[in-house]
Amino acid sequence: MIVTQNIHSRRFPDPAAALRLIKPITWFPPMWAYLCGVISSGVAPSGQWWVVILGVILAGPIVCGMSQAANDWCDRHVDAINEPDRPIPSGRIPGRWGLWIALAMSVVSLIVGWQFGPWGFGATIIGVLAAWAYSAEPVRLKRSGIWGPGLVGFSYETLPWFTGAAILSAGAPTFYVITVAVLYGVGAHGIMTLNDFKALEGDRHTGVNSLPVVLGPDRAAKVACTVMAVPQMAVIAALILWGKPLHAAGVAAVLIVQFWAMTVMFKDPKAKAPWYNGTGVLLYVSGMMITAFAVRGLS
């Protein structure tokens with residue numbers, strides 16, 4: 001009743017709430033992955049800086065921001081339980097404004113993506129469809145603790161990495177680029193699983209079978225960390241095989257520090273998962289950039 005009354009108490013969205021709706025803090029992973037793709041392409045961006053800048057904006061504020069708006073709209077009932085102060089359940093984004101914002105940003109995503117030619121536009125279409133498939137009924141892959149985090153990992157890491165490399169090289173990325181982009185996208189499944197810890201109670205009540213719900217916090221944390229670590233080990237092995245031992249050592253170093261952070265989280269997974277999402281993820285993406293520089297000269 002309180003939520004309903006709040007929703008009808010204002011006609012237009014609060015600007016600060018609209019910014020919170022598209023969650024700027026979530027833009028970093030796809031923007032970073034796009035830059036990794038640009039660097040890994042091995043193509044100097046001279047004369048193409050607009051491609052780099054506009055691509056970063058498309059990956060972060062536009063497509064990722066759209067996905068966050070769509071997710072908040074589709075999750076408004078869950079958020080009323082977990083986080084009633086969020087923009088939609090609190091009424092600061094009233095009525096169907098959350099839906100209109102998500103739809104408008106979907107259109108803007110496609111318009112901007114069109115500027116990048118077939119590779120960029122195709123990737124944008126996939127990104128928009130993935131965002132709605134994750135959140136919206138009847139597909140709502142978010143209900144699955146396997147497919148949901150997997151789709152987000154692909155959309156946040158693999159897809160923008162592939163797109164940045166494809167746009168700069170004006171063609172399909174190399175085998176080396178595709179391999180590491182896929183591996184880091186797979187590892188991001190673990191990051192997304194840890195992110196689900198904050199919605200544990202609401203997911204239980206609304207039938208979202210995230211891994212923390214299905215396995216419990218302790219087992220889910222161990223599974224998430226394993227999923228994060230194994231692809232990084234594969235990257236290290238691949239870099240050694242490809243004649244990049246120093247870069248492999250750099251990725252190994254950040255992984256070792258992640259192992260330490262994991263042991264801290266395992267002491268209280270539910271409480272420490274947000275801390276690890278800040279500490280461990282920073283190390284994870286640092287390894288991504290090291291890898292991007294490693295594969296840029298391979299062909």
| task | Report yes if some residue within segment 141-152 is open to solvent by less than 60 Å² (accessible area, probe 1.4 Å) and over 20 Å from VAL223 (Cβ atoms); otherwise report no. | result | no
| request: Output the residues belonging to segment 277-296 that are open to solvent by 10 Å² or more (accessible area, probe 1.4 Å) and either assigned to a helix (DSSP H, G or I) or over 15 Å from ALA248 (Cα atoms) (or both). | output: ASN277, GLY278, THR279, VAL281, LEU282, LEU283, SER286, MET289, ILE290, PHE293
| query | What single numbered condition from (1) open to solvent by less than 10 Å² (accessible area, probe 1.4 Å); (2) out of contact with any Lys or Arg (no Cβ under 6 Å at 6 or more places or on another chain); (3) not acidic (Asp, Glu) fails to hold for PRO94? | reply | (2)
| query | For segment 170-184, does any single residue satisfy the condition of being touching a Gly at 6+ places or on another chain (Cβ under 7 Å), touching a residue at least 60 places away in the same chain (Cβ under 8 Å), open to solvent by 10 Å² or more (accessible area, probe 1.4 Å) and farther than 19 Å from ASN82 by Cβ? | reply | no
| Within segment 147-159, which residues are among the aliphatic types (A, V, I, L, M) and either more than 20 Å from GLY202 (Cα to Cα) or in contact (Cβ under 8 Å) with a residue 60 or more places away in the chain (or both)? | LEU151, LEU159
| request: Could you figure out which of (1) open to solvent by less than 30 Å² (accessible area, probe 1.4 Å); (2) of a type in the set (A, V, I, L, M, F, W, C); (3) in contact (Cβ under 8 Å) with a residue 60 or more places away in the chain isn't true of PHE162? | output: (1)
| task | For segment 185-214, enumerate the residues that are of a type outside the set (Asp, Glu), more than 16 Å from GLY150 (Cβ to Cβ) and in contact (Cβ under 8 Å) with a residue 40 or more places away in the chain. | result | PHE197, LYS198, ALA199, LEU200, GLY202, HIS205, THR206, GLY207, VAL213
| said: Tally up the residues in segment 186-216 that are closer than 19 Å to TRP242 by Cβ and open to solvent by less than 20 Å² (accessible area, probe 1.4 Å), please. | reply: 1
| said: Given the criteria within 30 Å of ASP218 (Cβ to Cβ), open to solvent by 20 Å² or more (accessible area, probe 1.4 Å) and not hydroxyl-bearing (Ser, Thr, Tyr), does TRP114 qualify? | reply: no
| task | Please work out which residue is least open to solvent (accessible area, probe 1.4 Å), limiting yourself to segment 217-273 and to residues that are free of Cβ contacts under 8 Å to residues at least 24 places away in the same chain and outside any helix (DSSP H, G or I). | result | GLY243
| query | Which residue pairs have Cβ atoms under 9 Å apart, sit 6 or more places apart or on different chains, and have a first residue in segment 69-97 that is free of Cβ contacts under 8 Å to residues at least 24 places away in the same chain and assigned to a helix (DSSP H, G or I) and a second that is open to solvent by 30 Å² or more (accessible area, probe 1.4 Å) and of a type outside the set (Phe, Trp, Tyr)? | reply | ARG76/VAL3
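The values are calculated or read from the model by the stated rules, or taken from the named source; none is laboratory data. All figures in this text were calculated on a predicted structure; none of them were measured in a lab. Counting neighbours? That spans all protein chains shown, and the Cβs are built from the backbone with ideal geometry, glycine included. In case anyone asks, the SASA skips ligands and DNA or RNA and just uses the protein heavy atoms, side chains included. Shrake-Rupley method; radii C 1.70, N 1.55, O 1.52, S 1.80 Å.
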